[in-house]
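Computed from the coordinates by the stated procedures, all read-outs in this text should not be read as laboratory data. All of these numbers come straight from a predicted model, not from anything done at the bench. Glycine also receives a Cβ, built like all others from the backbone with ideal geometry; neighbour counts cover every protein chain displayed.
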Amino acid sequence: YGLGKCLKKTGLLGNAQRWVRTPMGGMLFCNESNAKGLINQNTSIRRACNFIIQGTAAEQCKLALIYADEVIEELNIKFNVKDRPARIVAVVHDEINAIVPGSWGWNKTIDKDRVIYNFNKHPSTDPEEIMAYEYATGIKEAMERAMAESFRYCKHPTPAGASIQIGRYWLH
């Protein structure tokens, strides 16, 4: 309920002043303040609210890419992986997909017609698995740092977090 009220207020404010800003300064001009009819006015309000949400997420992802790249470079030096360094291979909305060195073994079981990979069911001693987790944790912390950086401009504290998944293949 509070979020809905905040978004409605943001949209109405955008209509009144003819622009809205994201917490980090991205700007959208709302030129529909003199729109005729309820449908056109609601479209303007919706665009303003959507820009705040989507624009903030885009700014966070761009900042997270910078921070994640720094982390990956540091870890590449730490692990001395000149032949196959880790790198970011894709960014999809709010996900950063990276490929990291190593080809660790997978515990697998066959259940009927399916192969199930039991990845990290217990604390691992495999150095390549540990290395993959260190890369993943570094990227996660970079994303959370970017979110904290963008939310520090907000008036109210906004909790945000990221999660990691490690796998042999990327599946959405």
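For the pair Glu149 and Ser163, how long in nm is the line joining their label points, each one 7 Å along Cα→Cβ?
2.5 nm
Quick one: if you stick a label point 7 Å off each Cα along the C-beta vector at Asp69 and Ile130, how many nm between them?
3.1 nm
In nm, give the distance between the simple-model label positions of Lys78 and Val92, each being 7 Å from the Cα along the Cα-to-Cβ direction.
2.7 nm
Could you pull out the pairs from Lys82/Lys140; Lys8/Lys140; Lys5/Lys140 whose alpha carbons sit more than 28 Å apart here?
With Cα atoms farther than 28 Å apart: Lys8/Lys140; Lys5/Lys140.
In whole Hz and in residue order, list the ³J(HN,Hα) couplings for region 79-84 that follow from phi through the Karplus curve 6.51 cos²θ - 1.76 cosθ + 1.60, θ = phi - 60°; x for Gly and Pro.
8, 6, 10, 6, 6, 8
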